[in-house]
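Visitor: Here it is, the structure in full.
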Amino acid sequence: MTSTAGRWHLLSGAFRPFFMLAALWMAGSILMWVPLYMGHVELPTAFAPRDWHIHAMLFGGVPPIIAGFTLTAVSSWTGRPTITGRPLAMLALVWLAGRIAVSVSALIGPIAAALIDLAFPLGLATVLGREVVLAGNWRNLRVVGLVLLLALADAGFHAEAAFDGLANVSIRVALSAVLMLILLMGGRITPAFTRNWLKARGETRFPTAFNRFDAAAMVVSGLAFVAWTVVPDWIGTAIALGLAGLMTAARLTRWRGLATRREPMLLVLHVAIASIAVGFVVEALAIVWPVVVDPAAALHLWTAGSVGLTVLGVMTRVSRGHTGRPLSAGKLEVFIYALVSAGALLRVAAPYADAAYYHLIGCAGALWAAAFLAFAIGYARVLAGPRADRPL
């Protein structure tokens, strides 16, 4: 006789509830943002509309995806089982409470909203840190550090919005932390997954293993993000960003990305890292020639492009791999990647569209939201059901 706990698959792994919640939130918040931006609706939030949108993406949508990935991967890093069942449900409810609190912060007060919102990233860092420390897996404390940096940026966001009316520095801190996490984790999994895929096909040329050049590229990228956070308009920042872009692109050339063009589930990870490299260069050009290169277009290349592609690439792969399904993209996955890419490109192009600006904003938002809705609908049975190789 099968127990109730055994049938409750949605809480059997962290990626299951968090990927579903993140996809629904990403889609819903964008669909709310477009009419909010155009002045058709209002939210009882203490944040300015722009800040609510940015917070919803960076601190609302990205952290549960980080949680789903890291809490699933940490068992591989440490050899210890991670949280499931009731503790996992409680952590998900803490995240949900934060989303509600921020959206009604004008009613409950900014301090209460901040405390409720910060409970999730701090709770996630605590759970991850405990597992890493107990296993003595010190190398992965870097991931815990980046989660804590994201929590610090979130706290700064609340403080900056309360005292200055708009959050600016903390937005750059948060985006830098997210992109560094992508470069760190993506720089680990993308060549590793590519190597496994090539080896299974009898190839003998594999991605170059992580070496001093990769470490140097990460250091330069980190310094470029620090400069961009502190002095975003300085010419020295533009030089650092350009160098980081070139070094990140050079890393990519060593990972045999073009060899994966027949496997979209792998190719999307390479494209996501490539978009970070391009984003470095475009952001540098926006500093040097702001009249020609719109700063907002450069910023959305990172947010809508790099982050959107990365999270959907990771969510589809992890969801399939950890439910016993083939690690190969079908029509649904290709459709999802195409939607988010089209949405990102339209959002980047919008500042150059003149009279069609608002139309492109609406279309970009609809396409981007559709990508996450397609994931939520298409993967509902995958995330809530049993493993394909161990059906009930």
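Visitor: Considering each of 349, 338 in turn, give the residue that is modelled with pLDDT under 95, surrounded by fewer than 23 Cβ atoms within 10 Å (Cβ to Cβ) and not polar (S, T, N, Q).
Guide: Sole residue among the options that is modelled with pLDDT under 95, surrounded by fewer than 23 Cβ atoms within 10 Å (Cβ to Cβ) and not polar (S, T, N, Q): 349.
Visitor: What is the number of the single condition among (1) at negative phi; (2) of a type outside the set (A, V, I, L, M, F, W, C); (3) open to solvent by 20 Å² or more (accessible area, probe 1.4 Å) that residue 85 does not meet?
Guide: The failed condition is (1).
Visitor: Shifting gears a bit: Hey, any hits in the stretch 366-389 for a residue that's open to solvent by 40 Å² or more (accessible area, probe 1.4 Å), β-branched (Val, Ile, Thr) and either more than 22 Å from residue 32 (Cα to Cα) or at pLDDT 95 or above (or both)?
Guide: yes
Visitor: In addition: Which of the residues spanning the stretch 238-286 are β-branched (Val, Ile, Thr) and either open to solvent by 30 Å² or more (accessible area, probe 1.4 Å) or at pLDDT 95 or above (or both)?
Guide: Those that are β-branched (Val, Ile, Thr) and either open to solvent by 30 Å² or more (accessible area, probe 1.4 Å) or at pLDDT 95 or above (or both): 239, 248, 253, 268, 271, 273, 276, 278, 281, 282.
Visitor: Related question: Quick check on this structure: which one of 142, 205 is open to solvent by 10 Å² or more (accessible area, probe 1.4 Å), touching a residue at least 40 places away in the same chain (Cβ under 8 Å), more than 21 Å from residue 74 (Cα to Cα) and touching a Leu at 6+ places or on another chain (Cβ under 9 Å)?
Guide: 205
Visitor: Here's something else I'd like to know. Can you tell me how many residues in the stretch 14-47 are modelled with pLDDT under 90 and more than 25 Å from residue 370 (Cβ to Cβ)?
Guide: Residues meeting the conditions: 0.
Visitor: Okay, next question. Please go through the stretch 219-237 and give me each residue that is open to solvent by 40 Å² or more (accessible area, probe 1.4 Å) and farther than 18 Å from residue 289 by Cβ, ordered by number.
Guide: Of everything in the stretch 219-237, those that are open to solvent by 40 Å² or more (accessible area, probe 1.4 Å) and farther than 18 Å from residue 289 by Cβ turn out to be 219, 223, 226, 230.
Visitor: Still on this structure, please answer the following. Considering each residue of the stretch 179-202, count those that are among the charged types (D, E, K, R) and surrounded by 19 or more Cβ atoms within 10 Å (Cβ to Cβ), and give that number. First the steps, then the outcome.
Guide: If we filter the stretch 179-202 for residues that are among the charged types (D, E, K, R), which is where we start, we get 188, 195, 199, 201.
Checking the rest, the ones that are also surrounded by 19 or more Cβ atoms within 10 Å (Cβ to Cβ) come to none.
Number satisfying all stated conditions: 0.
Visitor: Looking only at the stretch 156-174, filter to residues that are in contact with a helix residue (DSSP H, G or I) (Cβ under 6 Å, 6 or more places away or on another chain) and free of Cβ contacts under 8 Å to residues at least 60 places away in the same chain; which one of those is surrounded by the fewest Cβ atoms within 10 Å (Cβ to Cβ)?
Guide: If we take residues in the stretch 156-174 being in contact with a helix residue (DSSP H, G or I) (Cβ under 6 Å, 6 or more places away or on another chain) and free of Cβ contacts under 8 Å to residues at least 60 places away in the same chain, then 156 is surrounded by the fewest Cβ atoms within 10 Å (Cβ to Cβ).
Visitor: Against the definition (in contact with a helix residue (DSSP H, G or I) (Cβ under 9 Å, 6 or more places away or on another chain), within 19 Å of residue 119 (Cβ to Cβ) and at pLDDT below 95), how does residue 92 come out, yes or no?
Guide: Spelling it out, it is not the case that residue 92 is in contact with a helix residue (DSSP H, G or I) (Cβ under 9 Å, 6 or more places away or on another chain), within 19 Å of residue 119 (Cβ to Cβ) and at pLDDT below 95.
Visitor: Answer yes or no as to whether residue 216 is crowded, with 17+ Cβ neighbours inside 10 Å and more than 23 Å from residue 259 (Cα to Cα).
Guide: no
Visitor: Now, a different point. Residues being open to solvent by 20 Å² or more (accessible area, probe 1.4 Å) and β-branched (Val, Ile, Thr): count how many of those fall in the stretch 319-335.
Guide: 1
Visitor: Kindly indicate which of 271, 278, 282 is under 21 Å from the mean Cα position of the chain (by Cα) and over 21 Å from residue 220 (Cβ atoms). Before you say what the answer is, go through the steps one by one.
Guide: Numbers: 278 fails: over 21 Å from residue 220 (Cβ atoms); 282 fails: over 21 Å from residue 220 (Cβ atoms).
Exactly one of 271, 278, 282 is under 21 Å from the mean Cα position of the chain (by Cα) and over 21 Å from residue 220 (Cβ atoms), namely 271.
The values are calculated or read from the model by the stated rules, or taken from the named source; none is laboratory data. Just so it is clear, the model here is predicted, and its values are computed rather than measured. Cβ atoms come from the backbone with ideal geometry, glycine included; neighbour counts cover every protein chain shown. For accessibility, only protein heavy atoms count, side chains too; no ligands or nucleic acids. Shrake-Rupley method; radii C 1.70, N 1.55, O 1.52, S 1.80 Å.
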